Amino acid sequence: MPVEFISAVHTDAGASGPAASSRTGLDTDHLRRYARALDDGGFDHTLVAYHSASPDAFQIAQFVATQTERIRPILAHRPGVVFPTHASRALATLDQISNGRLTLHIISGGSDEEQRREGDYLDKAERYERSDEYIQILRKVWQADGPVSHEGKYFRFEGYYSDVKPVNGLVPISVGGSSQDAYRVGGQQGDIFGLWGEPLKETAEQIAAVNAVADAAGRPRPRIWVSFRPIIAPTEELAWEKAHRTLGVLKDQARNTELLRHYRTTGRPANVGSQRLLDIAERGEVHDRCLWTAPAVATNAAGASTALVGTPETVAKALLDYVDIGCDLLSIRGYDPLNDAVDYARHVLPLVRQELAHRATTTHAA
(Lines give C-alpha, C1' and ligand atoms only; values in the text may rest on other atoms or scores of the structure.)
Protein backbone atom coordinates (compact mmCIF):
# COMPACT_ATOMS: atom_id res chain seq x y z
CA MET A 1 0.00 0.00 0.00
CA PRO A 2 1.20 3.58 -0.60
CA VAL A 3 2.84 5.72 2.05
CA GLU A 4 0.19 8.01 3.55
CA PHE A 5 0.22 11.13 5.71
CA ILE A 6 -1.68 11.71 8.95
CA SER A 7 -2.33 14.98 10.77
CA ALA A 8 -4.48 15.73 13.82
CA VAL A 9 -7.35 18.20 13.96
CA HIS A 10 -7.37 20.81 16.69
CA THR A 11 -10.72 22.00 17.96
CA ASP A 12 -9.78 25.59 18.76
CA ALA A 13 -7.29 28.20 17.57
CA GLY A 14 -5.52 28.30 20.95
CA ALA A 15 -4.50 24.64 20.84
CA SER A 16 -0.74 24.28 21.00
CA GLY A 17 1.48 21.83 22.80
CA PRO A 18 -0.12 19.37 25.20
CA ALA A 19 -3.27 21.34 25.95
CA ALA A 20 -5.72 23.91 24.61
CA SER A 21 -5.70 27.44 25.92
CA SER A 22 -9.31 28.07 24.93
CA ARG A 23 -11.85 28.20 27.74
CA THR A 24 -14.45 26.34 25.70
CA GLY A 25 -12.10 23.98 23.85
CA LEU A 26 -14.26 24.16 20.71
CA ASP A 27 -14.33 26.72 17.91
CA THR A 28 -16.30 25.20 15.03
CA ASP A 29 -15.18 27.85 12.54
CA HIS A 30 -11.54 27.08 13.31
CA LEU A 31 -12.16 23.33 13.22
CA ARG A 32 -13.83 23.66 9.81
CA ARG A 33 -10.90 25.68 8.43
CA TYR A 34 -8.44 23.20 9.87
CA ALA A 35 -10.18 20.12 8.46
CA ARG A 36 -10.55 21.69 5.03
CA ALA A 37 -6.91 22.80 5.02
CA LEU A 38 -5.88 19.18 5.62
CA ASP A 39 -8.27 17.97 2.93
CA ASP A 40 -7.05 20.53 0.39
CA GLY A 41 -3.40 20.06 1.40
CA GLY A 42 -3.26 16.40 0.50
CA PHE A 43 -3.21 14.73 3.89
CA ASP A 44 -4.74 11.25 3.80
CA HIS A 45 -5.89 10.90 7.42
CA THR A 46 -6.40 13.03 10.48
CA LEU A 47 -6.43 11.87 14.07
CA VAL A 48 -9.39 12.95 16.19
CA ALA A 49 -7.81 12.71 19.63
CA TYR A 50 -9.46 11.68 22.88
CA HIS A 51 -9.08 13.10 26.37
CA SER A 52 -11.47 13.17 29.30
CA ALA A 53 -11.59 16.99 29.22
CA SER A 54 -11.81 17.46 25.45
CA PRO A 55 -14.84 17.90 23.15
CA ASP A 56 -16.52 14.59 22.32
CA ALA A 57 -14.39 12.75 19.74
CA PHE A 58 -17.32 11.00 18.03
CA GLN A 59 -19.01 14.30 17.27
CA ILE A 60 -15.77 15.95 16.18
CA ALA A 61 -15.07 13.04 13.79
CA GLN A 62 -18.55 13.37 12.32
CA PHE A 63 -18.06 17.13 11.89
CA VAL A 64 -14.75 16.54 10.11
CA ALA A 65 -16.31 13.93 7.84
CA THR A 66 -19.21 16.15 6.81
CA GLN A 67 -16.97 19.19 6.21
CA THR A 68 -14.47 17.40 3.95
CA GLU A 69 -14.41 15.31 0.79
CA ARG A 70 -11.51 12.87 1.05
CA ILE A 71 -9.58 12.96 4.30
CA ARG A 72 -10.13 9.92 6.54
CA PRO A 73 -10.84 10.62 10.24
CA ILE A 74 -8.97 8.36 12.68
CA LEU A 75 -11.24 8.31 15.71
CA ALA A 76 -9.45 7.75 19.02
CA HIS A 77 -11.66 5.70 21.34
CA ARG A 78 -11.41 4.29 24.88
CA PRO A 79 -13.09 0.91 25.29
CA GLY A 80 -13.99 1.62 28.92
CA VAL A 81 -16.30 4.52 28.08
CA VAL A 82 -18.89 3.07 25.65
CA PHE A 83 -20.32 -0.47 25.67
CA PRO A 84 -19.13 -2.33 22.55
CA THR A 85 -22.59 -3.07 21.11
CA HIS A 86 -23.45 0.62 21.12
CA ALA A 87 -19.99 1.49 19.82
CA SER A 88 -20.35 -0.96 16.92
CA ARG A 89 -23.55 0.76 15.81
CA ALA A 90 -22.25 4.28 16.34
CA LEU A 91 -19.03 3.53 14.45
CA ALA A 92 -20.87 1.89 11.56
CA THR A 93 -23.19 4.91 11.38
CA LEU A 94 -20.24 7.29 11.32
CA ASP A 95 -18.56 5.18 8.65
CA GLN A 96 -21.72 5.42 6.53
CA ILE A 97 -21.86 9.21 7.04
CA SER A 98 -18.22 9.49 5.93
CA ASN A 99 -18.75 7.13 2.96
CA GLY A 100 -16.33 4.54 4.28
CA ARG A 101 -13.56 6.90 5.39
CA LEU A 102 -13.47 6.04 9.09
CA THR A 103 -10.57 4.40 10.94
CA LEU A 104 -10.81 3.49 14.65
CA HIS A 105 -7.84 4.02 16.98
CA ILE A 106 -8.16 2.02 20.20
CA ILE A 107 -6.69 3.67 23.31
CA SER A 108 -6.29 1.23 26.18
CA GLY A 109 -5.01 4.00 28.46
CA GLY A 110 -1.52 4.53 29.82
CA SER A 111 -2.35 6.59 32.91
CA ASP A 112 -4.38 5.20 35.82
CA GLU A 113 -4.96 8.78 36.97
CA GLU A 114 -6.50 9.84 33.66
CA GLN A 115 -8.58 6.65 33.33
CA ARG A 116 -10.08 7.13 36.78
CA ARG A 117 -11.35 10.57 35.79
CA GLU A 118 -13.97 8.69 33.78
CA GLY A 119 -14.56 5.92 36.28
CA ASP A 120 -12.22 3.27 34.84
CA TYR A 121 -10.41 1.45 37.66
CA LEU A 122 -8.95 -1.49 35.75
CA ASP A 123 -5.17 -1.80 35.83
CA LYS A 124 -3.12 -1.49 32.67
CA ALA A 125 -2.90 -5.21 31.88
CA GLU A 126 -6.65 -5.56 32.32
CA ARG A 127 -7.29 -2.56 30.07
CA TYR A 128 -5.34 -4.20 27.26
CA GLU A 129 -7.24 -7.47 27.81
CA ARG A 130 -10.48 -5.50 27.59
CA SER A 131 -9.33 -3.82 24.38
CA ASP A 132 -8.63 -7.21 22.83
CA GLU A 133 -12.12 -8.45 23.72
CA TYR A 134 -13.68 -5.15 22.60
CA ILE A 135 -12.12 -5.33 19.14
CA GLN A 136 -13.26 -8.93 18.72
CA ILE A 137 -16.84 -7.92 19.59
CA LEU A 138 -16.85 -5.01 17.15
CA ARG A 139 -15.77 -7.22 14.27
CA LYS A 140 -18.17 -9.99 15.28
CA VAL A 141 -21.12 -7.58 15.23
CA TRP A 142 -20.09 -5.92 11.97
CA GLN A 143 -19.76 -9.26 10.19
CA ALA A 144 -22.84 -10.95 11.67
CA ASP A 145 -25.79 -11.91 9.49
CA GLY A 146 -27.99 -12.36 12.55
CA PRO A 147 -28.13 -11.78 16.32
CA VAL A 148 -24.87 -12.05 18.25
CA SER A 149 -24.35 -13.13 21.86
CA HIS A 150 -21.15 -12.85 23.83
CA GLU A 151 -19.91 -13.86 27.25
CA GLY A 152 -16.36 -12.82 28.06
CA LYS A 153 -14.28 -11.52 30.94
CA TYR A 154 -15.34 -7.90 30.50
CA PHE A 155 -18.53 -7.90 28.42
CA ARG A 156 -21.70 -9.98 28.27
CA PHE A 157 -24.81 -9.58 26.10
CA GLU A 158 -27.40 -11.67 24.29
CA GLY A 159 -29.09 -11.50 20.89
CA TYR A 160 -27.62 -8.20 19.72
CA TYR A 161 -28.00 -7.18 16.07
CA SER A 162 -27.39 -3.91 14.23
CA ASP A 163 -29.09 -2.89 11.00
CA VAL A 164 -26.23 -0.55 10.13
CA LYS A 165 -22.91 -1.96 8.91
CA PRO A 166 -19.65 -0.29 7.84
CA VAL A 167 -19.46 0.61 4.16
CA ASN A 168 -16.72 -1.93 3.43
CA GLY A 169 -17.84 -4.53 5.95
CA LEU A 170 -15.29 -3.57 8.60
CA VAL A 171 -13.78 -0.36 9.95
CA PRO A 172 -9.94 -0.52 9.97
CA ILE A 173 -8.66 -0.68 13.54
CA SER A 174 -5.48 0.88 14.86
CA VAL A 175 -3.76 -0.01 18.13
CA GLY A 176 -0.85 1.90 19.62
CA GLY A 177 1.66 1.70 22.43
CA SER A 178 5.15 0.63 23.41
CA SER A 179 4.54 -2.05 26.02
CA GLN A 180 4.49 -5.81 25.59
CA ASP A 181 0.72 -5.71 26.14
CA ALA A 182 0.40 -3.20 23.31
CA TYR A 183 2.53 -5.30 20.97
CA ARG A 184 0.42 -8.36 21.78
CA VAL A 185 -2.97 -6.72 21.17
CA GLY A 186 -1.70 -4.75 18.17
CA GLY A 187 -0.03 -7.73 16.57
CA GLN A 188 -3.03 -9.99 17.10
CA GLN A 189 -5.81 -7.50 16.35
CA GLY A 190 -4.56 -4.32 14.68
CA ASP A 191 -4.79 -3.40 11.03
CA ILE A 192 -2.51 -0.47 11.94
CA PHE A 193 -0.04 -0.09 14.80
CA GLY A 194 0.91 3.36 16.07
CA LEU A 195 4.30 4.41 17.47
CA TRP A 196 5.68 7.69 18.75
CA GLY A 197 8.78 9.09 17.09
CA GLU A 198 11.83 7.33 18.52
CA PRO A 199 15.26 6.94 16.89
CA LEU A 200 15.46 4.59 13.92
CA LYS A 201 17.07 1.72 15.82
CA GLU A 202 14.46 1.68 18.58
CA THR A 203 11.62 2.12 16.09
CA ALA A 204 12.85 -0.85 14.05
CA GLU A 205 12.97 -2.95 17.22
CA GLN A 206 9.39 -2.07 18.07
CA ILE A 207 8.22 -2.88 14.54
CA ALA A 208 9.94 -6.26 14.77
CA ALA A 209 8.20 -6.97 18.10
CA VAL A 210 4.76 -6.23 16.64
CA ASN A 211 5.45 -8.20 13.47
CA ALA A 212 6.60 -11.22 15.49
CA VAL A 213 3.25 -11.32 17.29
CA ALA A 214 1.33 -10.99 14.02
CA ASP A 215 3.41 -13.74 12.41
CA ALA A 216 2.84 -16.05 15.37
CA ALA A 217 -0.91 -15.38 15.15
CA GLY A 218 -0.90 -16.15 11.42
CA ARG A 219 -2.36 -12.79 10.43
CA PRO A 220 -1.19 -9.94 8.19
CA ARG A 221 1.34 -7.61 9.75
CA PRO A 222 -0.19 -4.25 10.75
CA ARG A 223 0.73 -1.14 8.81
CA ILE A 224 3.05 1.00 10.96
CA TRP A 225 2.10 4.54 11.94
CA VAL A 226 4.86 6.76 13.39
CA SER A 227 4.31 10.27 14.79
CA PHE A 228 6.48 13.41 14.85
CA ARG A 229 6.19 17.17 15.42
CA PRO A 230 8.31 18.63 12.58
CA ILE A 231 9.73 22.15 12.86
CA ILE A 232 10.74 23.50 9.45
CA ALA A 233 12.23 26.69 8.03
CA PRO A 234 14.05 27.72 4.82
CA THR A 235 17.52 27.09 6.36
CA GLU A 236 18.87 24.79 9.04
CA GLU A 237 19.86 27.75 11.20
CA LEU A 238 16.38 29.29 11.00
CA ALA A 239 14.77 25.93 11.74
CA TRP A 240 16.77 25.49 14.94
CA GLU A 241 16.07 29.09 15.99
CA LYS A 242 12.35 28.35 15.50
CA ALA A 243 12.75 25.09 17.42
CA HIS A 244 14.18 26.83 20.47
CA ARG A 245 11.45 29.50 20.36
CA THR A 246 8.90 26.69 20.31
CA LEU A 247 10.63 25.01 23.24
CA GLY A 248 10.34 28.23 25.23
CA VAL A 249 6.58 28.30 24.61
CA LEU A 250 6.25 24.67 25.71
CA LYS A 251 8.17 25.35 28.91
CA ASP A 252 5.93 28.36 29.65
CA GLN A 253 2.86 26.20 29.15
CA ALA A 254 4.24 23.52 31.43
CA ARG A 255 4.50 26.11 34.20
CA ASN A 256 0.94 27.35 33.62
CA THR A 257 -1.11 25.28 36.08
CA GLU A 258 -4.39 26.89 34.96
CA LEU A 259 -3.75 26.01 31.31
CA LEU A 260 -2.98 22.37 32.10
CA ARG A 261 -5.33 21.82 35.02
CA HIS A 262 -7.40 19.10 33.28
CA TYR A 263 -4.49 17.58 31.34
CA ARG A 264 -1.82 17.25 33.99
CA THR A 265 -0.94 13.94 35.59
CA THR A 266 1.49 13.81 38.46
CA GLY A 267 5.07 12.53 38.52
CA ARG A 268 6.87 10.42 35.95
CA PRO A 269 4.48 9.18 33.24
CA ALA A 270 3.00 5.74 33.89
CA ASN A 271 2.82 4.68 30.24
CA VAL A 272 5.80 2.95 28.65
CA GLY A 273 5.75 5.12 25.52
CA SER A 274 6.33 8.32 27.49
CA GLN A 275 8.96 6.65 29.66
CA ARG A 276 10.82 5.54 26.55
CA LEU A 277 10.82 9.07 25.09
CA LEU A 278 12.22 10.51 28.32
CA ASP A 279 14.87 7.80 28.55
CA ILE A 280 15.90 8.47 24.95
CA ALA A 281 16.11 12.20 25.73
CA GLU A 282 18.50 11.45 28.61
CA ARG A 283 20.83 9.74 26.11
CA GLY A 284 20.94 12.76 23.82
CA GLU A 285 19.00 15.74 22.54
CA VAL A 286 19.44 15.01 18.81
CA HIS A 287 19.36 11.54 17.22
CA ASP A 288 19.85 10.23 13.69
CA ARG A 289 19.35 12.84 10.99
CA CYS A 290 17.34 15.44 12.95
CA LEU A 291 15.16 13.84 15.67
CA TRP A 292 14.96 16.33 18.57
CA THR A 293 13.89 15.11 22.02
CA ALA A 294 13.82 18.37 23.99
CA PRO A 295 10.05 18.91 23.46
CA ALA A 296 9.39 15.52 25.05
CA VAL A 297 11.24 16.66 28.17
CA ALA A 298 9.40 20.00 28.25
CA THR A 299 5.98 18.33 28.03
CA ASN A 300 6.84 15.34 30.25
CA ALA A 301 6.33 13.27 27.08
CA ALA A 302 2.60 14.02 27.04
CA GLY A 303 1.76 12.28 23.79
CA ALA A 304 3.69 12.32 20.54
CA SER A 305 6.20 15.08 21.29
CA THR A 306 9.52 14.49 19.54
CA ALA A 307 10.36 16.79 16.64
CA LEU A 308 12.14 16.57 13.31
CA VAL A 309 14.02 19.86 12.86
CA GLY A 310 15.45 21.31 9.66
CA THR A 311 14.68 22.46 6.17
CA PRO A 312 11.81 20.74 4.33
CA GLU A 313 14.46 18.73 2.47
CA THR A 314 16.06 17.52 5.71
CA VAL A 315 12.72 16.61 7.29
CA ALA A 316 11.56 14.83 4.11
CA LYS A 317 14.75 12.75 4.11
CA ALA A 318 14.25 11.92 7.78
CA LEU A 319 10.69 10.75 7.08
CA LEU A 320 11.97 8.60 4.23
CA ASP A 321 14.45 7.02 6.66
CA TYR A 322 11.43 5.76 8.60
CA VAL A 323 9.74 4.56 5.43
CA ASP A 324 12.87 2.53 4.73
CA ILE A 325 12.54 0.63 8.01
CA GLY A 326 8.87 -0.21 7.50
CA CYS A 327 6.73 2.82 8.42
CA ASP A 328 4.12 3.64 5.80
CA LEU A 329 1.82 5.96 7.76
CA LEU A 330 3.64 9.21 8.62
CA SER A 331 1.96 11.39 11.22
CA ILE A 332 3.20 14.98 11.16
CA ARG A 333 1.56 17.71 13.19
CA GLY A 334 3.12 20.82 14.56
CA TYR A 335 3.19 22.87 17.72
CA ASP A 336 1.61 25.70 15.70
CA PRO A 337 -0.99 23.28 14.36
CA LEU A 338 -2.86 24.97 11.50
CA ASN A 339 0.04 27.04 10.15
CA ASP A 340 2.38 24.07 10.38
CA ALA A 341 -0.11 21.81 8.57
CA VAL A 342 -0.29 24.30 5.70
CA ASP A 343 3.52 24.48 5.55
CA TYR A 344 3.88 20.69 5.59
CA ALA A 345 1.37 20.38 2.75
CA ARG A 346 3.28 22.90 0.66
CA HIS A 347 6.85 21.95 1.44
CA VAL A 348 7.19 18.45 2.93
CA LEU A 349 4.48 16.17 1.51
CA PRO A 350 5.45 16.90 -2.13
CA LEU A 351 9.13 16.12 -1.49
CA VAL A 352 8.38 12.77 0.13
CA ARG A 353 5.89 11.81 -2.56
CA GLN A 354 8.22 12.86 -5.38
CA GLU A 355 11.02 10.71 -4.00
CA LEU A 356 8.72 7.73 -3.53
CA ALA A 357 7.41 8.14 -7.08
CA HIS A 358 10.99 8.30 -8.36
CA ARG A 359 11.86 5.14 -6.48
CA ALA A 360 8.80 3.36 -7.88
CA THR A 361 9.67 4.40 -11.44
CA THR A 362 13.29 3.34 -11.03
CA THR A 363 12.30 -0.02 -9.57
CA HIS A 364 9.81 -0.64 -12.35
CA ALA A 365 12.35 0.25 -15.01
CA ALA A 366 14.93 -2.07 -13.43
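So here's what we get for this one:
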| quantity | calculated |
| --- | --- |
| Sequence-separation-based contact order of the chain, relative, with Cα cut under 8 Å and 6+ spacing, percent | 18 percent |
| For Asp27, solvent-accessible area (1.4 Å; no DNA, RNA or ligand), Å² | 60 Å² |
| Residue-normalised accessible area of region 78-177, expressed per residue, 1.4 Å probe, Å² | 44 Å² |
| Accessible area (Å², 1.4 Å probe, nearest 10) - Leu238 | 80 Å² |
| Pairs of lysines in the chain (C-alpha under 19 Å apart; 8 or more residues apart or interchain) | 5 |
| For Glu126, net neighbour charge (Lys/Arg +1, Asp/Glu -1) across residues whose Cβ lies under 14 Å away | 0 |
| Protein accessible area in the chain, 1.4 Å probe - carbon and sulfur % | 49 percent |
| Sites matching chymotrypsin sites (Phe, Trp or Tyr not before Pro) across region 132-187 that sit in DSSP coil, with at most 16 neighbouring C-beta atoms within 10 Å | Phe155, Tyr161 |
| Cα point-scatterer Debye curve for region 19-129, base-10 log of I(q)/I(0) at q = 0.14, 0.20, 0.21 Å⁻¹ | -0.62, -1.10, -1.17 |
| Asp328/Tyr161 FRET efficiency (R0 30 Å; Cβ-Cβ; nearest 0.05) | 0.25 |
| Residue-level accessible surface for Ile325, protein heavy atoms, 1.4 Å, Å² | 60 Å² |
| Region 39-93: Rg to Rh, with Rh as the Kirkwood radius over Cα pairs | 0.99 |
| Residues whose placed amide H lies under 5 Å from that of Leu195, excluding near-sequence neighbours | Trp225, Val226, Ser227 |
| Distribution of pairwise C-alpha distances over the chain, 10 Å bins, in % | 5, 24, 35, 26, 8, 1, 0 |
| Average projection area in nm² (convex hull over Cα atoms of region 261-366, one quarter of hull surface) | 8.3 nm² |
| Residues in region 30-67 reached by a label modelled at Arg353 [backbone nitrogen below 14 Å; 7 Å Cα→Cβ] | 38-45 |
| Average Cα contact separation per residue, region 135-181, under 8 Å, 6 or more apart, as relative contact order % | 32 percent |
| Within the chain, percent of DSSP bridges classed antiparallel, to nearest 5 | 20 percent |
| Exposure rule at most 12 other beta-carbon atoms within 10 Å, DSSP loop trypsin sites (Lys or Arg not before Pro): the chain longest free segment | 154-260 |
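The values are calculated or read from the model by the stated rules, or taken from the named source; none is laboratory data. Everything quoted here is computed from the prediction, not taken from an experiment. Every residue, glycine as well, gets a Cβ built from its backbone with ideal geometry; the counts of neighbours run over all protein chains shown. Surface accessibility is based on the protein's heavy atoms, side chains included, excluding ligands, DNA and RNA. Shrake-Rupley method; radii C 1.70, N 1.55, O 1.52, S 1.80 Å.
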